[in-house]
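Q: Below: one structure in structure tokens.
The values are calculated or read from the model by the stated rules, or taken from the named source; none is laboratory data. Quick caveat: nothing in here was measured; it's all calculated off a predicted structure. Please note: Cβ atoms are built from the backbone with ideal geometry, for glycine as well, and neighbour counts cover all protein chains shown. Protein only, heavy atoms only, side chains kept; ligands, DNA and RNA dropped before computing areas. Shrake-Rupley method; radii C 1.70, N 1.55, O 1.52, S 1.80 Å.
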Amino acid sequence: MKQLNSVNFEKKTRPVKILQFGEGNFLRAFVEWIIQDMNDNGVIDAGVAVVQPMPVGRVENLEAQNGLYTVCLEGIDKGEIIKTRQIIDVLEDFINPFTQYDKYLEYAKSETLETIISNTTEAGIALNPEDTDFTKCPVSFPGKLLAFLKARYDHFSGAESAGLAIIPCELIDHNGAVLKDVLNKLAVICGYDADFINWMNNANHFTETLVDRIVPGYPRDTVESIWEETGFKDDNVVKAECFHLWVLKKEPVVQARFPADSTGLNVIFADDITPYKQRKVKILNGSHTAMVPIAYLSGIDTVSESVNDADVGKFVSELIYDIVNPTIDLPADQMKSFADSVVERFKNPFIRHELMSISLNSTTKFKTRLLPTYNDYIAKFGKAPAHILFAFASLVVFFKGKRGEDNIALNDSPEYLEFWTKLWQNEDVNVIAKTALSASDLWEQDLATDGNVELVASYISNILELGERAALQKFLNK
């Protein structure tokens with residue numbers, strides 16, 4: 001079988017207009033896939049130079065195939081099973097700045113460069129005040145970017161036209177503003193003058209983003225069948241679900257240089273990305289978190305099994321459509337469409353998503369993913385949402401650590417596990433419910449209000465006496 005490379009597959013050559021920090025699965029199956037679509041539709045003509053953020057990475061593997069690789073999309077879209085195979089050819093150059101620092105800085109002089117994109121993990125956008133020796137490759141991503149921007153400023157003598165569109169994809173709140181703030185702090189530490197700092201802030205255009213696509217990565221179990229389908233041996237295959245969403249805060253220069261919303265893909269430039277983030281966190285992440293203890297204690301192990309189960313599936317559907325959706329300030333048709341897509345994603349038969357993998361740090365996840373809906377629902381309707389209180393009761397029982405006769409491999413912060421262990425030294429469900437609800441150090445609020453203790457205690461009692469599934473059925477048929 002032929003190796004996938006430019007000898008065996010015709011590759012177009014494009015000017016490098018995008019410098020990308022990160023070469024991982026998500027960027028290749030999401031950002032590069034979108035850039036490919038823009039190129040194919042004649043919206044832009046842009047090649048990508050990939051910068052490896054860490055000393056160890058994939059740039060050598062990608063370069064060995066001349067940047068060519070296969071994206072495999074598998075999932076359900078509007079009830080239809082989708083399986084596609086597409087060869088991506090947008091990668092033009094490959095840089096390990098730790099060994100090719102001069103080559104990296106040479107790109108700062110590029111006349112064609114327009115845009116910087118990054119995904120260096122949530123920990124990537126952080127200030128390292130000691131990362132100031134730019135005679136060698138800086139350790140941190142902000143350090144690398146600041147060194148690059150300073151080199152560009154110097155080469156173009158501070159010309160405003162040399163500024164770049166900067167699009168971070170790291171999953172933190174206000175990622176563009178946070179990155180800009182870190183760069184400013186590091187520039188001050190480095191002693192850079194006001195002229196450069198003004199150029200960095202005003203000639204360059206930072207935006208904020210929300211990205212959403214499940215990317216399992218290299219399909220080790222099925223890769224050989226994929227090679228057979230495409231006709232190429234490809235060591236950089238990446239698998240993803242069909243669903244994709246990219247929301248970018250409106251910034252005129254960014255939108256002009258990177259018009260990713262113009263080809264019909266699910267890309268949105270919005271005045272405020274906050275409602276979209278709330279939508280994702282509340283619906284997708286929130287329903288995941290509520291689902292885990294209910295489904296797992298009912299004897300279910302995966303997300304797809306959960307939503308296809310008559311009882312758990314009904315609970316999840318009611319939670320999403322009746323409880324979460326009304327608390328988000330977006331048009332009803334958009335909310336329903338997104339909710340429908342989330343349920344389809346949960347049912348994806350090509351992705352095995354273990355409930356226990358989602359259970360990691362469930363205590364914090366309940367606070368950040370479900371309590372915002374709980375509070376917003378009360379503010380709007382004047383009463384607590386029973387579905388979230390039932391999920392809370394199930395979470396309490398989950399942390400008892402038993403599913404039938406089997407022990408549950410609980411995985412949470414040590415101080416939280418200590419709290420739950422101590423809680424279950426009590427035998428009175430009323431004490432258990434009140435203690436759990438009133439743990440303001442866990443929830444940053446007191447939940448033991450307005451009849452919640454009695455209701456949660458009754459749910460816990462039902463789960464312990466009847467079993468999770470029977471208790472769930474009783475709840476659903478109330």
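Q: Which residues in the range 226-257 have a backbone N closer than 15 Å to a point placed 7 Å from the Cα of Q3 along the Cα-to-Cβ line?
A: Zone members listed by number: 232-237.
Q: Would you work out the charge dipole size for the chain about its Cα centre, treating the Cβ of every Lys and Arg as +1 and the Cβ of every Asp and Glu as -1, and quote it to the nearest 20 debye? Before the final figure, lay out each step's value.
A: Details: 47 positive and 68 negative charges, 85 e Å.
Charge dipole of the chain: 400 debye, to the nearest 20.
Q: Of the listed values [x] 1.01; [y] 0.95; [z] 1.12, grab the one calculated as Rg/Rh (Cα atoms, Kirkwood Rh) from the structure here.
A: [x]
Q: I've got another one for you. Separation of the range 222-272 and the range 3-71 by C-alpha centroid, Å?
A: Their Cα centres are 12 Å away from one another.
Q: In addition: Quick check: net charge around N5, other residues with Cβ under 15 Å of its Cβ, Lys/Arg +1 and Asp/Glu -1? Show your work: numbers first, answer last.
A: Working: positive: K2, K11, K12, K233; negative: E10, E60, E63, D89, E92, D234, D235.
Net charge in that neighbourhood comes out at -3.
Q: Can I ask one more? So, in nm, how far is label D441 from label S161 when the simple model puts each one 7 Å beyond its Cα toward the Cβ?
A: Computed distance between label sites D441 and S161 equals 6.1 nm.
Q: Let me ask something additional. Between E465 and N411, what is 0.36 nm times their sequence separation minus the Cα-Cα distance? Round to one decimal in nm.
A: Working: separation 54, 0.36 × 54 = 19.44 nm, distance 2.54 nm.
Full-extension gain reported as 16.9 nm.
Q: If each of E228 and D193 carries a label point 7 Å out from its Cα toward its Cβ, how far apart are those two points in nm?
A: My value for the distance between the label points is 6.7 nm.
Q: Within the set of other residues whose C-beta is less than 12 Å from the C-beta of L455, count the net charge using Lys and Arg as +1 and Asp and Glu as -1. Intermediate values should be presented prior to the final figure.
A: Numbers: positive: K383, K434, K478; negative: D450, E454.
Computed value for this residue: +1.
Q: Using the beta-carbon distance between E106 and D40 and R0 = 25 Å, what value does 1/(1 + (r/R0)^6) give for FRET efficiency, to the nearest 0.05? Display every interim value, and only then the final one.
A: Values: r = 29 Å, r/R0 = 1.16.
Computed FRET efficiency for E106 and D40: 0.30.
Q: Do the sum for the chain: with -39,500 (n - 2.57) for every DSSP H run of n ≥ 4, divided by all residues, what is the mean residue ellipticity at 222 nm, to the nearest 500 deg cm²/dmol?
A: Details: 23 runs with 208 residues, N = 478.
Using -39500 (n - 2.57) per qualifying helix, the result is -12500 deg cm²/dmol.
Q: So with the 1.4 Å probe, I'd like the accessible area per residue for the range 26-84, rounded to whole Å². Intermediate values should be presented prior to the final figure.
A: Details: 2260 Å² over 59 residues.
With the other protein chains kept in place, the range 26-84 gives 38 Å² per residue.
Q: Turning to a different aspect of this structure: Could you give the accessible area per residue of the range 324-478, probe 1.4 Å, as a whole number in Å²?
A: Values: 7530 Å² over 155 residues.
Value for the range 324-478: 49 Å² per residue.
Q: Using the Cα centre of the chain as origin and beta-carbon charges of +1 (Lys, Arg) and -1 (Asp, Glu), tell me which of N184, I378, W246 is placed farthest towards the positive end of the dipole.
A: Of the candidates, I378 comes out farthest on the positive side.
Q: In the neighborhood of L113, defined by Cβ-to-Cβ distances under 12 Å, what is the net charge if each Lys or Arg adds +1 and each Asp or Glu adds -1? Each step should come with its number before you reach the end.
A: On the way: positive: K17, K109, R152, R257; negative: E92, D93, E106, E111, E114.
Residues close to L113 contribute a combined charge of -1.
Q: Moving on. Which trypsin sites (Lys or Arg not before Pro) in the range 28-78 sit in a loop by DSSP (not H, G, I, E or B) and have at most 10 other Cβ atoms within 10 Å of their own Cβ? All intermediate terms of the calculation are to be shown ahead of the outcome.
A: On the way: sites: R28, R58, K78; in loops: R58, K78.
Of the trypsin sites (Lys or Arg not before Pro), the ones in loops of the range 28-78 whose Cβ has at most 10 other Cβ atoms within 10 Å are K78.
Q: Round to a whole number: what % of the accessible area of the chain belongs to carbon and sulfur, probe 1.4 Å?
A: Numbers: 9720 of 20290 Å².
Summing carbon and sulfur atoms, their accessible area is 48 percent of the total for the chain.
Q: I've got another one for you. With everything on Cα atoms, drop me the angle between helix 141-155 and the longest principal axis of the chain, reported from 0 to 90° to the nearest 10.
A: Between the helix axis and the principal axis of the chain, the angle is about 30 degrees.
Q: Let me ask you something else. What are the ³J(HN,Hα) values, in whole Hz, obtained from phi via the Karplus relation 6.51 cos²θ - 1.76 cosθ + 1.60 with θ = phi - 60°, for each residue of the range 84-99 in sequence order, with x given for Gly and Pro?
A: 10, 10, 9, 8, 9, 10, 8, 7, 10, 8, 9, 10, 9, x, 6, 10
Q: Tell me which GluC sites (Glu not before Pro) from the range 194-266 have a DSSP coil assignment and no more than 15 other beta carbons within 10 Å of their own.
A: Values: sites: E208, E224, E228, E229, E241; in loops: E208, E241.
Here no loop site has a sparse enough neighbourhood.
Q: Mind checking the per residue accessible area of the range 241-298 for me, 1.4 Å probe, whole number of Å²?
A: On the way: 1790 Å² over 58 residues.
Result: 31 Å² of accessible area for each residue.
Q: Would you please give the FRET efficiency between Q425 and D301, computed as 1/(1 + (r/R0)^6) with r the Cβ-Cβ distance and R0 = 41 Å, to the nearest 0.05?
A: Working: r = 29 Å, r/R0 = 0.70.
Computed FRET efficiency for Q425 and D301: 0.90.
Q: Report, in degrees rounded to the nearest 10, the 0 to 90 angle that the Cα long axis of helix 31-40 makes with the longest principal axis of the chain.
A: Once rounded, the angle reads 50 degrees.
Q: R0 = 41 Å: FRET efficiency of T99 with N308, Cβ-based, nearest 0.05?
A: Numbers: r = 49 Å, r/R0 = 1.20.
So the FRET efficiency works out to roughly 0.25.
Q: Could you pull out the GluC sites (Glu not before Pro) across the range 353-431 that fall in loop regions by DSSP (anything but H, G, I, E, B) with no more than 13 other Cβ atoms inside 10 Å? Don't skip to the end; give the middle numbers.
A: Details: sites: E354, E405, E415, E418, E427; in loops: E405, E427.
Passing sites in the range 353-431 are E405, E427.
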